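Every read-out reported here was derived from the displayed coordinates using simple, explicitly stated rules and does not represent laboratory data. Computed from a predicted structure; not experimentally measured. Cβ placement follows ideal geometry from the backbone for every residue including glycine, while neighbour counts extend to all protein chains displayed.
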Amino acid sequence: FFSVIGGLLLLELNRVLRPGGLFVWSATPVYQTLEEDVEIWKQMSALTKQMCWDLVTIKNDTLNKVGAAFFRKTTSNECYEQREQSQPPMCKDDDDPNAAWYVPLQACMHKLPAAETERGAKWPDAWPQRLEKAPYWLNN
């Protein structure tokens, strides 16, 4: 599912996920051994590796045996710069990663914000403090 159309849906998820953020995938390819599920798992594993995501763990529920894979997005651009394959490609520098309305999905990855002042470079304050404090990038 996530690997179709060049991984477009997973690349969009990568765009909105914070550096170091977690993605939990609970689907039959995580815990089933049917040929189709195994192939989907291979494709998903290859794509997440190319996207510099780490597979943190796979957990199976002891009661119903349903599994979930936990992936963590990279926290720096270093992995992107050292990839042997440049697929999926990096987005062009003038492509705004914060654009959300009326923007077609792109099959590319944005560089992570490097400067502390860039939107998305820092995690928001913890709850409940963040309820009363504007995000740092809105204070400009």
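Assorted remarks:
- Residue count for region 93-103 satisfying the condition of being under 18 Å from the mean Cα position of the chain (by Cα) and not polar (S, T, N, Q): 5.
- Annotation: of all residues in region 111-135 being part of a loop (DSSP other than H, G, I, E, B) and acidic (D, E), the one that is nearest to the chain's Cα centre (by Cα) is E118.
- Of residues in region 108-121 being within 16 Å of W53 (Cβ to Cβ) and of a type in the set (A, V, I, L, M), the one surrounded by the most Cβ atoms within 10 Å (Cβ to Cβ): M109
- Residues that are under 15 Å from L17 (Cα atoms) and touching a Phe, Trp or Tyr at 6+ places or on another chain (Cβ under 9 Å), drawn from region 72-97: R72, K73, T74
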